[in-house]
Each structure stands twice: as structure tokens, then as C-alpha cells.
Amino acid sequence: MDRSAGRFTVRPADPRRARLLGERLGLRHLTAQLLINRGIVEEQDARRYLDPRLADLRPPEGALPMAGFGLAVERLKRAVLDREVIGIFGDYDVDGVTTCALLTDFLNRAGATVSPRVAHRGEGYGFGKGDAHDLAAAGCSLIVTGDCGTSDHDSIRFCRELGVEVIIVDHHQVPDRPCEALALLNPHQPGCAFPFKGLASVGVAFYLAAALRTRLRAAGWPHLPDLRDFLDLVAIGTIADLAPLLEENRILVHAGLRELRRCQRPGLRALCEIVGLNDGPSSASDVAFRLAPRLNAPGRLGDASEAMLLLIETDQRKARQHAETCNELNTRRQEVQEVVLREAKEQVEDQLRNKNPEVLVTAGRGWHPGVVGIVAAKLVDSYDRPAVVIALDEESGRGSARSTHDFHMYTGLASAAALLTRFGGHAAAAGLSLPVENLDALRDALCLAYRHQIGSRIPHRITTADASVGLEEIDERLAQEVALLEPFGIGNTEPLFLTRDAEVVRHKVVGSGHLQLTLRTGATLRDCIGFGLGSRSHDLLAGARLLVAFVPEIDQHRGMRKIRLRLRDLLPQSAQSSAVSTP
């Protein structure tokens with residue numbers, strides 16, 4: 001019952017506005033329509049969107065300040081000037097690891113004394129009392145947490161008892177409970193006036209480092225690192241955490257991808273070589289699908305410190321070793337993940353046959369807790385429903401939740417808080433733990449929360465395309481203009497086009513299940529690649545007519561450049577009339 005080809009809507013066009021905007025920007029009208037579809041209708045806004053600049057970042061201490069920011073910067077400055085030992089603690093996912101690496105690397109280059117530590121999955125997510133004890137034992141008088149801490153009230157209180165102050169750098173939802181840290185930097189907290197709420201923790205950490213640098217310079221401190229050197233980490237953490245690539249994040253990731261292409265970090269350079277990105281990542285997609293999984297793998301299987309060390313190592317030989325280890329762990333992670341995914345899908349199929357729940361909740365003994373988040377994301381993609389995947393032991397379970405765009409997962413879990421031992425996260429993703437006996441009640445509570453938020457309808461994926469076009473409109477110039485809208489990701493999706501009645505000239509399955517097609521409309525031929533769509537080849541015959549949904553791109557192979565269509569979906573002609581609508 002996996003999702004097959006879905007339904008499409010095509011955004012309404014505004015030809016007059018697109019023509020005027022395109023002429024002012026020197027772009028095709030179709031490209032200008034893409035900007036309009038994203039709410040960018042004024043020339044000045046379009047130029048800023050097409051050319052993101054660091055100078056356009058809103059300052060966190062400006063007219064709309066980030067709550068707690070000034071206090072945090074002053075305390076960090078004092079710790080550096082007084083040569084205190086500063087503990088940096090990051091959660092075990094990529095956002096947490098990059099946050100820890102950024103602050104550690106910045107403070108090291110600034111001449112501070114730093115003791116870094118990242119979470120171990122076996123000890124649970126977040127900042128624990130054991131972590132607090134270890135950092136205090138290392139002589140830390142100040143601890144900065146990254147991508148965690150907002151909900152870790154007991155550990156923060158324990159730090160206070162030890163005489164250690166804590167600054168929290170986080171972006172998860174804030175519980176309705178007073179925070180006992182010295183400073184909480186989290187745009188979601190009540191009273192925070194900073195207008196952009198979509199920063200990942202690594203983005204908040206970059207702001208903190210930038211402000212600290214300004215204060216140290218004013219104090220005459222001799223060690224002032226170049227902030228551009230840390231933008232690569234900001235890009236990786238922001239992309240990997242699925243933060244919206246809008247406003248501040250768009251600027252930071254755009255600049256960070258440029259820094260990544262320089263590949264100045266020995267560990268990242270080695271990792272890029274291992275995965276075949278010898279010129280560095282060219283897009284957010286390269287980061288999301290080739291670098292981030294390998295940086296995530298150590299934390300998923302246990303100890304995330306391998307990824308953190310890769311990011312801060314300066315010795316090329318050691319960096320290569322860390323990169324190879326991360327790559328090997330990723331292979332192991334894939335093997336473990338496939339077993340859990342297969343068993344989780346068996347449970348889902350059974351649930352859909354019997355109860356057809358709005359929210360999928362699966363659980364299993366022996367499942368590795370490090371892969372449940374990825375499996376949950378794959379269930380969402382396959383079944384178009386929010387999903388929770390839980391690894392069980394004898395008495396309790398630890399799990400991860402992923403959601404569709406319309407269901408706020410953190411709110412749903414909050415409504416079931418009485419059933420949970422612990423939970424935290426945001427609208428799209430969350431982590432949780434619970435007693436085993438509460439599993440069925442959690443499933444019922446989340447389905448009830450879904451009905452309260454959305455209604456009784458069963459979710460069904462509808463893909464929105466930017467325009468319906470003929471293949472003759474898709475050429476290399478358009479693909480180059482589409483690339484100007486990068487980086488693509490959450491909040492700034494790739495432009496998607498539909499072509500109807502495209503004739504199949506030839507097709508074959510290549511690689512590990514990818515569909516290679518040549519399509520024709522009129523006199524125009526276009527080569528296509530459908531990653532993971534090889535199973536659809538049995539429906540295709542030469543001369544068959546298809547509706548195809550695709551992203552145009554430039555394929556560069558062995559020094560040759562040509563236009564290629566990356567297929568997202570395809571439908572036979574008989575299904576086209578009912579599959580496409582205009583809102």
C-alpha cells in the first residue's frame with residue numbers, strides 16, 4: 001500500500017506580472033513566474049533573493065533582539081578573557097555536532113580553553129546529568145549546550161548545584177516551564193523579538209560567535225577568527241536539520257555552500273573525496289544526501305564524537321581516518337536501517353488493513369534506536385502520514401517522530417504528555433520515550449490529536465507544480481536560471497514542471513533501480529533520469545504517452561554539458577485527466 005503516483009495541482013500563472021518582472025531582471029518570463037510563485041513580486045526583493053548577502057542578515061542585538069543574547073555574549077567574553085575552561089556540549093545529530101564543532105573551533109582559534117563533548121545515544125538524547133558531571137569534573141565553570149538543553153531542566157539545576165553556569169543554544173519548542181539556565185538562546189521562547197524563528201541551533205551559534213568576536217575586538221583581544229571559516233558548518237547543520245531555507249537561513253546556507261566548495265576543513269575535504277565530490281558539494285542536495293548521512297552515522301550508532309572530531313581536526317592524516325570511519329559507520333547504519341524499515345512496514349500494512357490510522361505508530365524489540373528517525377521519515381514518504389517509530393527494551397521505549405506538513409508533531413505529543421516519560425522537538429520532528437504499556441494509548445492519543453488539528457480526512461499527498469510546459473521550453477538557459485533559486489530545501493522547494501502527452505522514445509533501468517528515459521513532444525527530445533523509479537518501467541512501452549513531473553538540470557559528465565530532466569513522478573495518459581488540477 002505504498003504511495004504510487006499521486007495527484008498534482010498547477011499554480012495559476014500571472015503572465016503580465018511575470019513578463020514585467022522578467023524584463024527588469026533579465027530573466028525568462030517562466031523563471032520570473034517561479035519567483036512570483038514563491039511570493040517574490042517586487043524587483044528589489046527578487047534581486048535580494050537571487051543574490052543573498054551576509055550584510056542583509058538581521059542582527060540579533062538590533063531593534064528586534066534575540067532574548068538572552070546580550071547576557072550570553074557578555075558571559076562568554078568574560079570566560080575567554082579570564083581564561084576559564086568553557087564546556088561545549090552538542091546533541092548527537094548533525095545540528096548538534098556542527099554546533100559543538102563551530103563553537104569549539106571558534107573558541108580554540110580565539111585562544112580560549114575549551115572542553116568539547118557530544119551526546120552518546122546510549123545515554124539518551126539531550127544534556128544529561130552525567131554530561132554535566134563530566135564537564136564539571138574537567139574544570140568547566142561555564143557550559144554551552146548546542147541543539148539541546150531547552151527541556152533538560154533537571155540537568156541545568158544540577159549544574160547550578162555544582163556551581164557551573166549554563167548557556168543554552170537551541171531551537172526546539174519551549175516547554176511551559178521556567179528555564180534555570182543563565183541564558184536561553186532559542187528564537188521560539190516567549191518574549192523573543194527576533195523575527196526569524198527558523199534558525200537551526202548552528203545558526204544561533206554562528207550569531208553567538210559573531211557577537212563574541214565583536215566584543216573581544218572591542219576589548220583588544222589579539223585572537224579574532226575569520227567568521228567566514230565557520231559558514232560551512234552552518235550550511236551543513238541547517239540543511240541536515242531540515243530548517244527552512246528562507247530569510248536568514250537562505251543567506252547563511254548560500255554563503256556556507258560557497259565556503260564548502262573551498263573545502264578548507266581537512267575532514268570535510270577527505271569526506272568529499274570519499275563520496276566523489278572532488279570539487280566540493282555543488283548544492284544543498286549534495287549536503288543532504290551525501291555528506292549529512294555520513295556525519296549523522298556515528299551518532300546514530302552510538303558515539304557522535306567521531307563526526308565532531310572530523311569537523312575540527314587539522315591534521316590531514318587523522319582527518320582522513322575520521323572520514324573513513326564515518327563512511328564505514330554509514331554503511332553499517334544502512335544495513336541496520338533496512339531491517340528495521342522492513343519490519344516497520346509490515347506493521348504499517350497490518351494497521352492500514354485493520355484500523356487505517358491517521359498517525360502511524362510502530363515499535364519493535366531489538367530495533368536500533370539510532371535509525372528510528374530515518375525509518376520514521378521513510379514511512380512518512382511512503383504512506384503520506386505522520387509516523388512514530390519506537391525501539392523497545394523490556395520496560396520502556398525510545399523513539400523518533402516525523403510529520404507531514406499539516407500536522408504539528410510537537411503539539412500532538414504535548415497532548416499525550418501524560419503517557420510519555422520525556423519528549424521534545426518541533427513541528428516536523430521530535431524524540432520521545434515512554435513505558436511499554438503506554439504504546440497503544442499513545443497511538444490512540446496521536447490519532448485523536450490529528451483529528452483535532454486536521455479533521456477526520458485521511459491524508460493524501462498532493463504535489464504542487466510551478467507550471468505546465470512543453471519540452472521545447474526546457475533548455476540549458478532555463479536550467480541555469482532555475483539554479484539561481486538555490487539553495488533548495490524545506491520552505492524553498494525545487495521548481496517543479498509538468499509536461500503532458502510526452503512520448504516515450506526509449507527507456508531502460510540503470511544503476512540500482514533508476515529509470516532512464518528519452519521523451520519527445522513535437523520535434524523536441526529530452527533525456528530524463530528518474531532516481532528510484534525503476535519499478536515503473538514495466539508500464540512503459542515505446543510510443544506510450546506520459547504525464548511527467550520533473551526538475552530541469554544541467555548534467556555534466558566527462559566534460560560534457562547537456563540539459564536533463566530529473567523525474568519526480570510519471571503517469572500514463574489514461575490517468576492524466578483526473579490527476580491534475582489548478583487551484
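The values are calculated or read from the model by the stated rules, or taken from the named source; none is laboratory data. Fair warning: this is a prediction, and the values are worked out from it, not measured in the lab. Don't worry about glycine lacking a Cβ; one is built from the backbone with ideal geometry, like all the others, and counts go over all protein chains shown.
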> So which of Val336, Val361, Val340, Val287 is in contact with a Phe, Trp or Tyr (Cβ under 6 Å, 6 or more places away or on another chain) and either part of a helix (DSSP H, G or I) or modelled with pLDDT of 95 or more (or both)?
Replying inline: Val340
>> Within segment 7-73, considering only helices (runs of 4 or more DSSP H) that don't extend past its boundaries, which have at least 3 residues that are among the aliphatic types (A, V, I, L, M) and either assigned by TED's automatic domain parsing to the domain that holds Glu481 or out of contact with any Lys or Arg (no Cβ under 6 Å at 6 or more places or on another chain) (or both)?
In response: 15-25, 29-37
> Does Leu260 meet the test of being buried (at least 24 other Cβ atoms within 10 Å of the Cβ) and within 22 Å of Leu50 (Cβ to Cβ)?
Replying inline: yes
>> So Leu199 passes all but one of these: (1) farther than 24 Å from Ala292 by Cα; (2) modelled with pLDDT of 95 or more; (3) in a loop (DSSP other than H, G, I, E, B); (4) in contact with a Leu (Cβ under 9 Å, 6 or more places away or on another chain). Which condition number does it fail?
In response: (1)
> What strands (runs of 3 or more DSSP E) lie completely within segment 402-465 and have 2 or more residues being closer than 30 Å to Pro187 by Cα and either out of contact with any Gly (no Cβ under 7 Å at 6 or more places or on another chain) or not assigned by TED's automatic domain parsing to the domain that holds Arg566 (or both)?
Replying inline: 422-425, 429-435
> Which condition number does Pro281 fail, the rest of (1) assigned to a loop (DSSP other than H, G, I, E, B); (2) surrounded by fewer than 24 Cβ atoms within 10 Å (Cβ to Cβ) being met?
Replying inline: (2)
> Does Ala181 count as surrounded by 15 or more Cβ atoms within 10 Å (Cβ to Cβ), closer than 18 Å to Val114 by Cα and of a type in the set (A, V, I, L, M)?
Replying inline: no
>> Scan segment 443-460 and tell me whether some residue there is touching a strand residue (DSSP E or B) at 6+ places or on another chain (Cβ under 6 Å) and touching a residue at least 24 places away in the same chain (Cβ under 8 Å).
In response: yes
>> Going by what's in this entry, would Leu76 be described as closer than 30 Å to Asn186 by Cα and crowded, with 19+ Cβ neighbours inside 10 Å?
In response: yes
>> Just to be sure I understand, how many residues within segment 304-319 are out of contact with any Phe, Trp or Tyr (no Cβ under 6 Å at 6 or more places or on another chain), buried (at least 17 other Cβ atoms within 10 Å of the Cβ) and either more than 20 Å from Thr104 (Cα to Cα) or in contact (Cβ under 8 Å) with a residue 60 or more places away in the chain (or both)?
In response: 5
>> Please go through segment 471-489 and give me each residue that is buried (at least 21 other Cβ atoms within 10 Å of the Cβ) and either in contact with a helix residue (DSSP H, G or I) (Cβ under 8 Å, 6 or more places away or on another chain) or assigned to a helix (DSSP H, G or I) (or both), ordered by number.
In response: Leu471, Glu481, Val482, Pro487, Gly489
> Out of all the residues in segment 368-378, which are surrounded by fewer than 24 Cβ atoms within 10 Å (Cβ to Cβ) and either assigned to a helix (DSSP H, G or I) or modelled with pLDDT of 95 or more (or both)?
Replying inline: Gly373, Ile374, Ala377, Lys378
> Checking Gln347 against (1) in contact (Cβ under 8 Å) with a residue 24 or more places away in the chain; (2) in contact with a strand residue (DSSP E or B) (Cβ under 9 Å, 6 or more places away or on another chain), which test does it fail?
Replying inline: (1)
> Given the conditions (1) out of contact with any helix residue (DSSP H, G or I) (no Cβ under 6 Å at 6 or more places or on another chain); (2) within 26 Å of Gly455 (Cα to Cα); (3) modelled with pLDDT under 95; (4) not charged (D, E, K, R), which single one is not true for Ala418?
Replying inline: (3)
> Any residue in segment 490-497 that is more than 21 Å from the chain's Cα centre (by Cα), in the same structural domain as Arg28 (by TED's automatic domain parsing) and either crowded, with 20+ Cβ neighbours inside 10 Å or not in a strand (DSSP E or B) (or both)?
Replying inline: yes
